[in-house]
Each structure stands twice: as structure tokens, then as C-alpha cells.
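Some notes on the structure that comes next.
The values are calculated or read from the model by the stated rules, or taken from the named source; none is laboratory data. Everything numeric here is computed off the predicted structure, so don't read it as measured data. When we count neighbours, we look across all protein chains shown, and the Cβ atoms used for this are built from the backbone with ideal geometry, even at glycine.
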Amino acid sequence: MFHLEYPFSRGWIHVNSPDPCETPDFDAGFMNDERDMAPMVWGYIKSRETARRTYSYAGEITSMHPHYPFDSPARALDIDLETTKAYAEPNHISAGNQHGSWAHQLKPGEQQGTNILNSNRRDLRKPLRYTKKNIEQIEKWSKIYTWMVPKIQTWHSFRTCSINPREGISVVKHSVLDERLNVHGVKGLKVSDPSVCSDNVGCNTFSTTFLISENCAVLTAEDLGYSGNALDMKVPPCHAPGEAVNLSRL
């Protein structure tokens, strides 16, 4: 699986009226910037190449690949059912989602040495060749697949209330928050969630949210007049009834 951590594509969401039940003006904007296409095509080809080098490779799910011509060397292939049953013995584990395994027993002399820790030192299968037409099919597939599969989107729904000047910047046409998380033009309203980020993050969004919330608490306290030691955050000790603590020191 592959995705872009920092895409150029941008979407938008705007309210249409004071009525909260009215559908907003929303466009996710997936793949609306041509600069994202080249790395997506590269990611597809590279991830497929990497998978084919592994010993656990068990074929491909044809429905999750571009629609190549039937005679294209790059087309995705499934193993036939008869061969699948031959491999599917009680002690065998198949990595395939549909059929069995394309793995085969290595002949004498084909085994890798004990000093080789990865599978990229030996080509188990011939590399695939992509024509210009194949690349166009991958591009078309990328546009459709990005909308259909959440993992390609990374589930990082960010930037809907980004921190930037009100008039926006080069990659963001408009902004919602100032540098202290205040909503532009609104008094006494801050936003404290991943929507404040100006771009995606290449890390866990859960921990990112904690970081944003902690800083928002400090900014709010400062706005209320607190300063110095009053801003120190100390987590009070709290243990469940009967909980044994400090076991790690044993």
C-alpha cells in the first residue's frame, strides 16, 4: 500500500448558510493537482515490484489493479484454482486474498545464503514492463482508486481550519485561524483539533491531536491572564482501586 504524505492537491469546505442542516460546499480535491500523479504512478509500480520480490508473494487481486489489455505483459494475473488446491495443504499458509500461493520450492543452489537478510538480492520473477498506454491506465486507475479506498487517503482529514493569514497563502486560498488558534474575525473562539494544521503530518494523528490540544490549553490560559509557574502542567497521580504501581521496577 502506498500514499502521498504531502500532496499538492487541495479540497475545500464552506458553509452555505446559517442553517447547520444545509449541505456545505464540499470537495475533497483528491488528485486535482497534476503534480501528484507522477509520484502516485511511481508508488504503484514500485510497491508492485517490491511485492513480487518477496517469497510470500501469492498473486494479485485483479479487481484492485488497472484494467490492462488482456495481452499486456503488465496485467495482473490470478493463479488457477487447481494449482491453488495443490498448494493449500494443511501445513501451508497462503498470503493470497483470493487464491493460493505462487511460491515454489527452491531447487538446490537457489537458496539464499544466511548472510542475506532481505529478498531484493534475487529476482524471483521477471520484472514487468510498462508501455506508455499502461502508464495512462495507471493514471486513470489512480484517480478512481484514490476516491474509493480510504487507505490511499491515509484517513488524515486535515487543514479544514488551517493556521495562516486570513487572506491565505500560495497553497491555501483562505485561512480560518491566526497563530494563537483564534478564528479570524471572531472573539473568544479557538479551534483545537487536527483541522488547524496547514498540511498533512507524516505521523500518528492521535499524538498530533494531543500536542495541538496541550498548546491550545496554554494559549487559552495566557489569554485568561495566567503566566509563569501557573502554566506548568502537572499530571496528578491517579490509580484505580487495588492497582499495583511501579511493577516495572521489579
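Data for the structure
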{"read-out": "Test: residue in region 104-126 that is out of contact with any Leu (no Cβ under 9 Å at 6 or more places or on another chain) and either outside the structural domain of GLY59 (by TED's automatic domain parsing) or modelled with pLDDT of 80 or more (or both)", "value": "yes"}
{"read-out": "Check on SER248, at pLDDT below 80 and outside any loop (DSSP other than H, G, I, E, B)", "value": "yes"}
{"read-out": "Selected residue [at pLDDT 75 or above, among the hydrophobic types (A, V, I, L, M, F, W, C) and crowded, with 16+ Cβ neighbours inside 10 Å] from ILE45, ILE79, ILE61", "value": "ILE45"}
{"read-out": "Filter result for the condition that a residue is outside the structural domain of THR160 (by TED's automatic domain parsing) and not in a loop (DSSP other than H, G, I, E, B), over PRO66, PRO18, PRO39, PRO73", "value": "PRO39"}
{"read-out": "Complete set of residues in region 140-155 that are surrounded by fewer than 18 Cβ atoms within 10 Å (Cβ to Cβ) and either at pLDDT 90 or above or in a loop (DSSP other than H, G, I, E, B) (or both)", "value": "LYS140, VAL149, THR154, TRP155"}
{"read-out": "Condition broken by SER94, with the remaining ones in (1) of a type in the set (Ser, Thr, Tyr); (2) at pLDDT 75 or above; (3) surrounded by 16 or more Cβ atoms within 10 Å (Cβ to Cβ) satisfied", "value": "(2)"}
{"read-out": "Test result for GLY168, in a loop (DSSP other than H, G, I, E, B), more than 23 Å from ASP33 (Cα to Cα) and among the small types (Gly, Ala, Ser)", "value": "no"}
{"read-out": "Residue in region 180-197 that is part of a loop (DSSP other than H, G, I, E, B), basic (Lys, Arg) and surrounded by 11 or more Cβ atoms within 10 Å (Cβ to Cβ) present", "value": "yes"}
